[in-house]
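Taking it in order: structure first as structure tokens, then the write-up.
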Amino acid sequence: MKLTSKMAFIACTTALATPTLADEVEVLHWWTSGGEAAAVSVLKDDLESKGTGWVDMAVAGGGGDAAMTTLRARVTAGDPPTAAQMLGMSVREWADEGFLGNLNEVAAAEGWDDVVPTAVQAFGKYDGNWVAAPVNMHRPHWIWGSAKIFEELNLELPATWDEFFAAADAMEAAGYVAVAQGGQAWQEATVWEAVVLGISPDLYKSAIIDADEDALRSAEIVESFEIMRRIRGYVDPNFAGRDWNLATAMVINGEAGMQIMGDWAKGEVINAGLTPGVEVLCGVSPGTQGAFLFNTDFFAMFDVGGDKAAAQQNMAASAMSVTFQEAFNLAKGSIPARTDVPGDKFDTCAQKSMADLAEATAAGTLFGSLAHGHGQPAAIQAAYLDVVTQHFNSDMSAEDAAAALADSVMAAK
Ligand code: GAL
């Protein structure tokens, strides 16, 4: 399987690829919202200042589903990009198929083993070799609040679901949309996994990381769907198909009170010229203090061989430098993937993330995000997302959703 895919790839590459210049990298990514694009500029400018040109291959669509479809099509056609943004499980899958180049030399020169958290290394390395450069650590289970609405209604960011629903009632009574929600499966799954984690880190581990059937059929998973149903009741009727950043904009503009979303939402706040923690409040989603879900954006280098290798090594080295990781993550909303980047320039939300990460790592409550490609391989992840979105967009009962989830995940395993 491994050899066959790789051999087919080489044959196709020879026949079809249109090579870019040796000192250029063509980078496939899905960073197209205002905040994401600002972060991409940091990367592009950094590389260009070091003599490596940037050919942009942006594929719109939060969470990267469309980008991954395009990537698969490009590789199948024998025309892979030089580098691609990927989440952890994708790195593993592409490496397993034999497509990724080896970054050991640059990793050794720059000491990646010493500065990248073990949980991130587990995705950036395959068979003991570095195959992708991690640029950040995002945390998907944040709650963002409009400071204007919270102040007007004399509310505090909710730490429990009871407080959340009480705040939501007050917001609706005052004429605001309580919950800004986008309408794509990955966004609904971002909320669901936060709900599961909030019930307990043990439930997240057993039902999601271990995909344990008893856990999936448990009363707690039924409860998670009951909470989802209640949240759905506070979402405005126009949410279908809404992009995540438009939901974030509703909070930024003071039209909506709260959004549960990863800290890429903070990139939108910064890009709007506002200060996270001031005009837009940040806290962890209800019940999740003490635990930490993460998703890391990697750049994987396709094994395109020959004259591209130098530009690829240059890109990997740049993406992993302390100065780049600081500048990039200040714009992106995430925290650096390197643990030795000083935190003093970061906002209070990012500093909280850094402190919480250390605490969760020590407590054994650090887990990969299911919705963002670090919980389960793509096929099993899809089994979860299908049921979560089906439940959220219908009147399916919580009991039926838990049963359907267990059936769907067990069939996919
Ligand atoms: C995540 C990704 C982030 C952000 C988000 C929304 O999966 O890790 O960098 O881009 O999707 O597009």
message = Need one number: nm distance between label points at GLU163 and ALA310, each 7 Å from Cα along Cα→Cβ, rounded to one decimal.
response = 5.7
key: For segment 305-311, 3J(HN,Hα) per residue [Karplus equation, 6.51 cos²θ - 1.76 cosθ + 1.60, θ = phi - 60°, Hz, x = Gly/Pro]   = x, x, 6, 7, 4, 5, 5
ask   = Using helices alone, what [θ] at 222 nm do you get for the chain, with -39,500 (n - 2.57) per DSSP H run of 4 or more residues, divided over all residues and rounded to the nearest 500?
value = -15000 deg cm²/dmol
ask   = Rounded to the nearest 0.05, what FRET efficiency do SER41 and ALA73 have when you use their Cβ-Cβ distance and R0 = 25 Å?
value = 0.40
ask   = For the chain, which whole-number percentage of the solvent-accessible area (1.4 Å probe, protein heavy atoms only) is attributable to carbon and sulfur atoms?
value = 54
key: Distribution of pairwise C-alpha distances over the chain, 20 Å bins, in %   = 28, 57, 15, 0
query = For segment 165-257, what is the convex hull volume of the alpha-carbon atoms per residue, in Å³?
reply = 101
inquiry  = Given Cα positions, please report Rg to Rh for segment 189-235, the hydrodynamic radius being the Kirkwood one.
reply    = 0.98
inquiry  = Can you give the FRET efficiency to the nearest 0.05 for ASP113 and ARG229, using r as the Cβ-Cβ distance and R₀ = 45 Å?
reply    = 0.50
ask   = Per residue, how much accessible area does segment 229-330 show when a 1.4 Å probe rolls over the protein heavy atoms, in square angstrom?
value = 31
Most mobile of ALA331, ALA247, ALA310 in a GNM of the chain (Cα contacts under 10 Å) = ALA310
request  = Could you tell me what % of all Cα pairs in segment 61-157 have separations over 19 Å?
outcome  = 55
query = Whole-Hz Karplus ³J(HN,Hα) for segment 405-410, in order, using 6.51 cos²θ - 1.76 cosθ + 1.60 and θ = phi - 60°, x for Gly and Pro?
reply = 5, 4, 4, 5, 5, 5
Per-residue HN-Hα couplings for segment 82-91 [Karplus 6.51, -1.76, 1.60; θ = phi - 60°; Hz; x = Gly/Pro] = 5, 9, 9, 5, 8, 8, x, 5, 5, 4
ask   = What does the convex hull of the Cα atoms come to per residue for segment 278-361, in Å³?
value = 118
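The values are calculated or read from the model by the stated rules, or taken from the named source; none is laboratory data. All figures in this text were calculated on a predicted structure; none of them were measured in a lab. FYI the Cβ positions are ideal-geometry reconstructions off the backbone, even for glycines, and counts take in every protein chain you see. Areas reflect the complete protein model, heavy atoms only, side chains present, ligands, DNA and RNA absent. Shrake-Rupley method; radii C 1.70, N 1.55, O 1.52, S 1.80 Å.
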